[in-house]
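A.B. asks: Sharing a structure below in structure tokens format, with a few things to ask.
Every number here is computed from the coordinates shown, using simple stated rules; none is lab data. Predicted model, so just to flag it, every value in this text is computed and none were measured. Neighbour counts run over all protein chains shown; Cβ positions are idealised from the backbone, glycine included.
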Amino acid sequence: MGIAEVIFSLLFLVAGIVLEIYSFESLRESRQFTRLATTKIDTILPGQVRLKGTVHPATDVLLKAPYSLKECVYYGFEKAVKKESDSGTHWSAVDGGRQFRDFRIDDGSGQALVRLSEAVDLSLWQQFHKVEGGLRYTESRIDPGDEVTVIGIAEASEEGIAISFATAGDSLSLITHYDGSTKSLWWAHLSVLMS
């Protein structure tokens, strides 16, 4: 076995270990996601909750997404340039970011304030995708009227029930457009891993 084969084998070994770590973490989160029953807002107790409902702005001040120019309470965007290499074509990010505002979620039994933070994982539909020349523009948003599932920490506040998000690793914190079925949950976790 030559040096090239040894290096190639070591690269596959490292890639396998990395994928295994991500797979076990994703499996743990998937199990936690499916074991946590959806709670109605009017019956919430303090602690970790899973809510599903419609997004409403918490204030009159909305964000304007950079590419679609739509009003929203959250957007994430990326501008990537197409690059060619010996291993093929890939996209490399040259600009990107995200902005968010608190919002309310309404499940028909009541409303809760969702206090967005950097600690939350977002698994959202890509709502804008455009390729122009060698540039790709993508954008995901949470718009007023969207149906979302929120997993966070419920607590009493001056505004009523508020949902905040634990620091990374403490517990599952997630906002997703996906409904929790096995297929959509797989795509939700894949999109979080790919971001």
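A.B. asks: Once label points are set 7 Å from the Cα along Cα→Cβ at both Ser109 and Ser157, what is their separation, rounded to one decimal in nm?
C.D. replies: Result for the modelled spin labels: 2.0 nm.
A.B. asks: Taking the stretch 42-97, how much of its Cα-Cα pair set, in percent, is spaced more than 16 angstrom apart?
C.D. replies: On the way: 1042 of 1540 pairs.
Across the stretch 42-97, Cα pairs with separations above 16 Å total 68 percent.
A.B. asks: Give the peptides 36-47, 107-118 in descending order of average Cβ contacts within 10 Å, highest first.
C.D. replies: The peptides rank, most packed first, as 107-118, 36-47.
A.B. asks: Measure up Lys64/Lys130; Lys82/Lys130; Lys79/Lys130 against 21 Å on the Cα-Cα distance and list the ones that go over.
C.D. replies: The pairs that break the limit, which is 21 Å between Cα atoms, do not exist here.
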